[in-house]
Amino acid sequence: RHQSARSAALFADNIPPAVYDSLVQTVRSNLGEMHRYMELRKKILGLDELHMYDIYVPLAEDVKWVIPFPEAVAMLKNGVAVMGDSYVEILSRGLDSRWVDLYERKGKTGGAYCDSIYGVHPFLLLNYQDNLDSAFTLAHEMGHALHFYFSSQEQPFIYSHPAIFTAEVASTVHESLLMEHLLQTTSDRERKIYLINYYLEIFRGTLFRQTMFAEFEKIIHEKAENGEALTSHFLKEAYRELNTAYHGEGMVVDAEIDMEWARIPHFYDAFYVYKYATGLSAAVSLVRQILTKGKPAVDGYLSFLKKGGSDYPLNLLQEAGVDMASPQPVQDAINRFSGLLDEMEGLI
């Protein structure tokens, strides 16, 4: 018998509740950086009051950046070049060998997905649209594809499919490598602001927002497990208090936000959203090591990809150089977020 709904949800991946708590505590202790971003956004947009809807306004005006698919492929290859020639060759082979259903067409489902057939190869469904979002989506899905490719090559069928906890790390490593490459090679000021804004929003939406969601889930489940009623008033108040804490005094939390929790479908799959935050944190930590330590970190990461689902996620990540049982990977991610804020402040 599990002690709580949370321990039951974490059981399959063998994740100690302490890892969940460490994520929340580390983000909580660094909320000043999130507040700093809100104040910076308010300043750049020239607003007297910042509301939730103002978060989604771009900070770089009229950036026209058309990225045809061949250019996106070249950008991605340059971004992952640090992984070695063999890695880039496999990526190129996949793109040249009809792994990807690339463009929109009538009757085709929207979105982007990757799956793999053991003994064949990964398959990607994209709806490419010649923009930066699509370039990063390509990077993300090819991250999954290379993970599936290596794990299928090295593991028996039963261990070839990685857990969601680790699968999202591989896809986000690709995105982060591409982003770091673009930030290093882009000289145009407006494009650089656009890229930094794009990356800041990834951190806001994936690290801070998903951790806020994770904290909300913990609060409401604990209340229910204590035999207390989950009233509409309690749910709205709890959600409002979290939004105020996470966004700071620079944000006006409108009354309508009190009900936002009701439209989040992930809350019906209890204790899922924390994996987005841990996945980004692990990926940022791995990319930092790959870019600073070179071959030893690359070899560790490739070993991680090849191990697929052959061990529990925390063990696989620890062998690759990321200890998710410690607060350090989350702190690494927050430190990168802080560095991006510094860069943005220097450009405006």
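May I ask you to say which residue of V80, V24 is closer than 22 Å to Q328 by Cβ, under 21 Å from the mean Cα position of the chain (by Cα) and modelled with pLDDT of 95 or more?
V24
Among what's in segment 35-80 and is under 19 Å from M179 (Cβ atoms) and aromatic (F, W, Y), pick the residue that is surrounded by the fewest Cβ atoms within 10 Å (Cβ to Cβ).
Among those residues, the one meeting the criterion is W65.
Conditions first: (1) touching a residue at least 40 places away in the same chain (Cβ under 8 Å); (2) assigned to a helix (DSSP H, G or I). D54 passes all but one, so which condition is the exception?
The failed condition is (1).
Which residue pairs have Cβ atoms under 6 Å apart, sit 6 or more places apart or on different chains, and have a first residue in segment 57-78 that is under 17 Å from T186 (Cβ atoms) and a second that is among the small types (G, A, S) and surrounded by 12 or more Cβ atoms within 10 Å (Cβ to Cβ)?
Taking only residues 6 or more apart or on different chains, the pairs are I67/A135; A72/A135; L76/A139.
Of (1) crowded, with 19+ Cβ neighbours inside 10 Å; (2) under 23 Å from A333 (Cβ atoms); (3) among the hydroxyl-bearing types (S, T, Y), Y87 satisfies all except one. Which?
For Y87, the exception is condition (2).
Can you name every residue in segment 52-84 that is farther than 28 Å from R36 by Cβ and out of contact with any helix residue (DSSP H, G or I) (no Cβ under 9 Å at 6 or more places or on another chain)?
If the condition is that a residue be farther than 28 Å from R36 by Cβ and out of contact with any helix residue (DSSP H, G or I) (no Cβ under 9 Å at 6 or more places or on another chain), then K64, V66, P68, P70, A74 are the ones that fit.
Inspect segment 155-173 for any residue being among the hydrophobic types (A, V, I, L, M, F, W, C), surrounded by fewer than 23 Cβ atoms within 10 Å (Cβ to Cβ) and farther than 25 Å from Y20 by Cα and give the result as yes or no.
Among the residues of segment 155-173, at least one is among the hydrophobic types (A, V, I, L, M, F, W, C), surrounded by fewer than 23 Cβ atoms within 10 Å (Cβ to Cβ) and farther than 25 Å from Y20 by Cα, which makes the answer yes.
Restricting to segment 322-335, and then to whatever is surrounded by 21 or more Cβ atoms within 10 Å (Cβ to Cβ) and closer than 18 Å to K293 by Cα, can you tell me which residue is farthest from the chain's Cα centre (by Cα)?
V322
Please go through segment 91-124 and give me each residue that is within 19 Å of T172 (Cβ to Cβ) and hydrophobic (A, V, I, L, M, F, W, C), ordered by number.
Answer for segment 91-124, where residues must be within 19 Å of T172 (Cβ to Cβ) and hydrophobic (A, V, I, L, M, F, W, C): L91, A112, C114, L124.
So which residues in segment 126-162 are more than 30 Å from P58 (Cβ to Cβ) and of a type in the set (D, E, K, R)?
The one that is more than 30 Å from P58 (Cβ to Cβ) and of a type in the set (D, E, K, R): E154.
Could you list, in sequence order, the residues of segment 249-299 that are touching an Asp or Glu at 6+ places or on another chain (Cβ under 7 Å) and free of Cβ contacts under 8 Å to residues at least 60 places away in the same chain?
F267, S285, R288
Residue-wise test of (1) buried (at least 20 other Cβ atoms within 10 Å of the Cβ); (2) modelled with pLDDT under 95; (3) closer than 30 Å to H121 by Cα.
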site	(1), (2), (3)
S151	yes, no, yes
L177	yes, no, yes
S187	no, yes, no
L207	yes, no, no
A224	no, no, no
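Let's see how each residue does on (1) in contact (Cβ under 8 Å) with a residue 24 or more places away in the chain; (2) on the phi < 0 side of the Ramachandran plot; (3) not in a loop (DSSP other than H, G, I, E, B):
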| residue | (1), (2), (3) |
| --- | --- |
| Y301 | yes, yes, yes |
| L305 | yes, yes, yes |
| D311 | no, yes, no |
| S326 | yes, yes, no |
| D332 | yes, yes, yes |
| L341 | yes, yes, yes |
| E345 | yes, yes, yes |
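Regarding D188, is this residue out of contact with any Gly (no Cβ under 7 Å at 6 or more places or on another chain), free of Cβ contacts under 8 Å to residues at least 60 places away in the same chain, farther than 24 Å from L10 by Cα and of a type outside the set (K, R)?
Spelling it out, D188 is indeed out of contact with any Gly (no Cβ under 7 Å at 6 or more places or on another chain), free of Cβ contacts under 8 Å to residues at least 60 places away in the same chain, farther than 24 Å from L10 by Cα and of a type outside the set (K, R).
Scan segment 150-170 for residues that are assigned to a helix (DSSP H, G or I) and in contact with a His (Cβ under 9 Å, 6 or more places away or on another chain) and report the count.
7
Among the helices (runs of 4 or more DSSP H) confined wholly to segment 199-295, which include 2 or more residues that are under 25 Å from P313 (Cβ atoms) and either under 21 Å from the mean Cα position of the chain (by Cα) or aliphatic (A, V, I, L, M) (or both)?
Hits in segment 199-295: 209-225, 274-293.
Give the residue that is surrounded by the most Cβ atoms within 10 Å (Cβ to Cβ), with candidates limited to residues of segment 122-149 that are in a loop (DSSP other than H, G, I, E, B) and not aliphatic (A, V, I, L, M).
Result: Y128.
For the structure I just gave you, tell me whether F216 is crowded, with 22+ Cβ neighbours inside 10 Å and in contact with a helix residue (DSSP H, G or I) (Cβ under 6 Å, 6 or more places away or on another chain).
no
The values are calculated or read from the model by the stated rules, or taken from the named source; none is laboratory data. Computed from a prediction, not measured in an experiment: that's the story for all the values here. Neighbour counts run over all protein chains shown; Cβ positions are idealised from the backbone, glycine included.
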